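Asker: Before I ask anything, let me first share the structure, which is written out below as structure tokens.
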Amino acid sequence: MREIFDQDRAMTLGAVKQATGVLAILFLVLAVFAILSGLGQIFSGHIIHGIGRILASLAGLGFLYLTIRLLAEILAALHRLNDRLSIVGDDLRARRVSSPPTPSSENTKV
């Protein structure tokens, strides 16, 4: 995955975690507004509608947050896997110079 503003750089794992944290704060603010809206409905006399609105809003926001959180965890796992595969690939591509076998001391005795 690439950075949003610099397409030449790969996105870091910290940026993914930070974006998930910002999204969690946004969903928390939306949940507070949903609860306040539901309480407004309850205090205006529409008790069933207000409770339903609170429950539906919290269920919808919870579903969206869990979905995005799981996708972020999958992205983080793929990021770690890509790092490990690049290390293994570098090791496989590196030319290893094997030293010639040294004669043992038994063969050199006359």
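Asker: Quick one: net charge around residue 75, please, counting Lys, Arg +1 and Asp, Glu -1 for every other residue with C-beta under 12 Å from its C-beta.
Answerer: Combined, the nearby Lys, Arg, Asp and Glu give +2.
Asker: Right, something else. Taking one equal scatterer on every alpha-carbon of segment 1-84, how large is log10 of I(q)/I(0) by Debye at q = 0.14 1/Å?
Answerer: Values, matching the q order: -0.61.
Asker: Computed from the mean reciprocal separation of all distinct C-alpha pairs, what Kirkwood hydrodynamic radius does segment 17-59 have, in Å?
Answerer: It works out to 10.8 Å.
Values in this text are rule-based calculations from the coordinates and carry no lab data. On a predicted model such as this, the values are computed, not experimentally measured, just so you know. Reconstructed Cβ throughout: ideal geometry from the backbone, glycine too, with neighbour counts over all protein chains shown.
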